[in-house]
Amino acid sequence: MAVDHPVISGRGLVGRVVSVSPNSSQVLTLLDISSKVPILLQHNRARGIASGANQPFLDLEFVSKGTIVSVGDQMVTSGA
């Protein structure tokens, strides 16, 4: 494990490693307000930034006007 490595669960991206010690690592989760990740919406290939908002959902920023986004849409982070 190293700083900036992704943290992934069976359901997808959880966050990224921000510090590492011999026995533990500290993770910045996607839901943290200081977290921002480039994404690609799977259904229409629109690009944007998923931002943490300290709530159970992410904010989606910088998506082209007119792009339809719905709760539950799949977002791809790798290669976005």
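The values are calculated or read from the model by the stated rules, or taken from the named source; none is laboratory data. Small disclaimer: the values here were computed from a predicted structure and weren't measured. When we count neighbours, we look across all protein chains shown, and the Cβ atoms used for this are built from the backbone with ideal geometry, even at glycine. Surface areas here come from the heavy atoms of the whole protein model, side chains and all, with no ligands, DNA or RNA. Shrake-Rupley method; radii C 1.70, N 1.55, O 1.52, S 1.80 Å.
Here are some notes:
- Within region 16-80, strands (runs of 3 or more DSSP E) holding 1 or more residues that are of a type outside the set (Lys, Arg) and either within 17 Å of His5 (Cα to Cα) or open to solvent by less than 50 Å² (accessible area, probe 1.4 Å) (or both): 25-29, 36-41, 47-51
- Subset of region 1-15 that is touching a Ser or Thr at 6+ places or on another chain (Cβ under 6 Å) and more than 15 Å from Asn54 (Cα to Cα) - its residue that is surrounded by the fewest Cβ atoms within 10 Å (Cβ to Cβ): Met1
- Qualifying positions in region 1-17 - touching a Leu at 6+ places or on another chain (Cβ under 7 Å) and more than 18 Å from Gly72 (Cα to Cα): Pro6, Gly15, Arg16
- Taken over region 18-56, residues that are closer than 16 Å to Ser78 by Cα and aliphatic (A, V, I, L, M) amount to 8.
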